[in-house]
Each structure stands twice: as structure tokens, then as C-alpha cells.
1. May I ask you to list the residues in region 48-71 that are assigned to a helix (DSSP H, G or I) and at pLDDT 90 or above?
2. Test Ile68 against the stated conditions and say whether it is over 26 Å from the mean Cα position of the chain (by Cα) and among the β-branched types (Val, Ile, Thr).
3. Restricting region 13-25 to residues that are loosely packed, with under 10 Cβ neighbours inside 10 Å and among the hydrophobic types (A, V, I, L, M, F, W, C), which is nearest to the chain's Cα centre (by Cα)?
4. Quick one: which of Arg45, Arg10 is within 22 Å of the chain's Cα centre (by Cα) and without any contact (Cβ under 8 Å) to a residue 40 or more places away in the chain?
Amino acid sequence: MQVVLGATYRDGVLVPDRSLGAEKEGKRFRLILVEQEEPSIKRDRFFRYVRSNSFELPEDYRFNQDGIHER
């Protein structure tokens, strides 16, 4: 069984956001923890990437739409 669910770490205990159900009671699980990032961190990382991979086009640059399909 594979389930992805959120959880919060409080006072030394990992508290899942929802129950797995009574049939899972007493069973052991292997966990992979991935820390959830705040949206603002993701946004900042995205814009840093855009800035580092952007460049200025010449003012007279014109995209040749017709030439895009030529081989």
C-alpha cells in the first residue's frame, strides 16, 4: 500500500492530517519525509531561476514564425 498524506511535527510527535483507518491499527510503516516548502519560497526560487536564465533580445529582433517549420 502506498499513500501520500500530510503531517505536522508537534512536540516530538509526527501527527498525520488524517486517519489511515482501523485496518491499519498496529501495523508498522516505512516513512519518507519531505519537508513542505512555503509557497513564497517556491515563488522566490522560480524568479531567481528566471532571472539567471534570461537575456535581452536586440530591439530589432523579430521571430520568424514561417521559418519554424522549415528543415
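The values are calculated or read from the model by the stated rules, or taken from the named source; none is laboratory data. Model, not experiment: these values are computed from the prediction. Quick reminder, even Gly has a Cβ in these numbers, built from the backbone with ideal geometry, and neighbours come from all protein chains shown.
1. Of everything in region 48-71, those that are assigned to a helix (DSSP H, G or I) and at pLDDT 90 or above turn out to be Arg48, Tyr49, Val50, Arg51, Ser52.
2. Here the answer is yes, as Ile68 does meet what is asked.
3. Once the filter is applied, the top-ranked residue is Val13.
4. The conditions single out Arg45.
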